[in-house]
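The values are calculated or read from the model by the stated rules, or taken from the named source; none is laboratory data. Bear in mind the structure is a predicted one, so any value in this text is a computation, not a measurement. Cβ sites come from the backbone with ideal geometry, for glycine too, and all protein chains shown count toward neighbours. We work out accessible area using only protein heavy atoms, side chains counted, and drop any ligands, DNA or RNA first. Shrake-Rupley method; radii C 1.70, N 1.55, O 1.52, S 1.80 Å.
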Amino acid sequence: MTYETILVEQRGAVTLITLNRPKSLNALNSQVLEELIVAFGAYEADASQRCAVLTGSGEKAFAAGADIKEMADKAATEFYTGDFFSRWTSHLVKTTRKPWIAAVNGFALGGGCELAMMADFIIASENAKFGQPEIKLGVAPGMGGSQRLTRAVGKAKAMDMCLTSRMMDAVEAERSGLVTRVVPLADLLDEALKTAEVIAGMPPVAAIANKEMVNAAFEMTLDQGILFERRVFQILTATEDKAEGMAAFIEKRPGVWKGK
Ligand code: HXC
């Protein structure tokens, strides 16, 4: 596929995907979604690729939201029958089992904030701003924002942001648990790629398993989650990479992973 709204490149074992509609602050329209579905599908299917980074082009925005100009004239029945927005979660969250990081380089508003929160974690630049300003458009988050933001930062801040539309800056976002680290804008991509390389250097089966376990914490009771964790741990002990990892530790050398 020739991409028109995103850029995709492989850097060693890391796939870098860049939202590329800078004139509209990387607003997320249907074409962006279709291209991201293909790009994430290709990343997931390619065994040489072990981690992905999603960022926005330009210095101003990761993504300023779903494309308001595309949504403005759409009828309610179209949103409903087309189950508008459901494919973001089904493709980028549910079927992308391999890890990926959002590198947020400016505004992450509405669907942009929701897209960033679909990532396994967020690294933000100092100028990043997060918000769910949909209320000002007469709507509300539609791609998981009310749920993922509340789980990430708690009810008080999520309510504050959704009801007032105020933006959270990078410092507050880190303090609130929405992002894992904040770096100067000039260092953002390097930091995200370096982090992705670390993950890409891990045993790949264990990487998927670790991701699955952490995500299970949001879906299960504590007892169920701990049982799930223990069972997955036990399954991992049957992998060749477990034997290699423990042997490598004892022999004081780096592990060489087979993904088996
Ligand atoms: C379409 C957008 C856009 C968007 C910005 N643009 N955000 N186009 N959809 N979400 C376009 C502007 O129309 C403008 O195009 C260009 O990008 C630059 O934006 P400006 O507004 O001129 O920039 P600035 O004054 O710096 O303001 C930046 C901003 C503002 C604060 C981020 O653009 C803004 O408030 N954007 C909308 C944010 C928002 O409401 N997001 C939620 C969307 S709803 P032109 O052609 O005029 O130069 C949503 C629904 C989620 O996400 C539900 C499920 C997905």
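Along the range 221-231 the Karplus relation, 6.51 cos²θ - 1.76 cosθ + 1.60 evaluated at θ = phi - 60°, assigns HN-Hα couplings of 5, 4, 4, 5, x, 5, 5, 4, 4, 5, 5 Hz to successive residues, with x for each Gly and Pro.
Computed from Cα positions, the angle between helix 185-200 and the longest principal axis of the chain comes to roughly 40 degrees.
Using heavy atoms of the protein chains and a probe of 1.4 Å, the accessible area assigned to Ser86 is about 50 Å². Taking Cα atoms only, the orientation of helix 240-250 departs from the longest principal axis of the chain by about 70 degrees. The C-alpha atoms of the chain define a longest principal axis, and helix 204-216 lies at about 50 degrees to it. Cross-link check: pairs Lys23/Lys69; Lys69/Lys94; Lys69/Lys136; Lys136/Lys157; Lys211/Lys260; Lys129/Lys157 evaluated at a Cα-Cα cut-off of 19 Å; pairs beyond the cut-off: Lys69/Lys94. Across the range 114-125, rounded Karplus estimates of 3J(HN,Hα) from the backbone phi angles (6.51 cos²θ - 1.76 cosθ + 1.60, θ = phi - 60°) give 5, 5, 4, 6, 6, 5, 5, 7, 10, 10, 10, 7 Hz, Gly and Pro being marked x. The charge dipole of the chain, taken about the Cα centre with unit charges on the Cβ atoms of Lys, Arg (+1) and Asp, Glu (-1), comes to about 440 debye, rounded to the nearest 20. Taken as Cα centroids, the range 1-34 and the range 112-183 sit 21 Å apart, rounded to the nearest whole angstrom.
Its DSSP H runs of at least 4 residues, each contributing -39,500 (n - 2.57), put the calculated 222 nm mean residue ellipticity of the chain at -13000 deg cm²/dmol, to the nearest 500. Each peptide among 233-242, 8-17 gets the average number of other Cβ atoms lying within 10 Å of its residues, and from highest to lowest they stand as 8-17, 233-242.
Taken along the Cα-to-beta-carbon direction at a fixed 7 Å, the label points for Glu172 and Lys258 span 5.2 nm.
Work out the charge dipole of the range 204-251 with +1 on the Cβ of Lys and Arg and -1 on the Cβ of Asp and Glu about the Cα centre, then indicate which of Gly245, Asn210, Gln224 is farthest towards its positive end. Sorting the options by dipole projection puts first Gln224.
Ligands, DNA and RNA excluded, the heavy atoms of Arg97 present near 110 Å² of accessible surface to a 1.4 Å solvent probe.
Counting only protein chain heavy atoms and rolling a 1.4 Å probe, the accessible areas of Tyr3, Tyr43, Tyr80 rank, largest first, as Tyr80, Tyr3, Tyr43. Modelled spin labels at Lys136 and Lys94, positioned 7 Å past Cα toward Cβ, are 3.3 nm from each other. With only Lys, Arg, Asp and Glu charged, each at its Cβ (+1 for the first two, -1 for the last two), find how big the charge dipole of the range 1-89 is about the Cα centre; round to the nearest 20 debye. Here the size comes out at about 280 debye.
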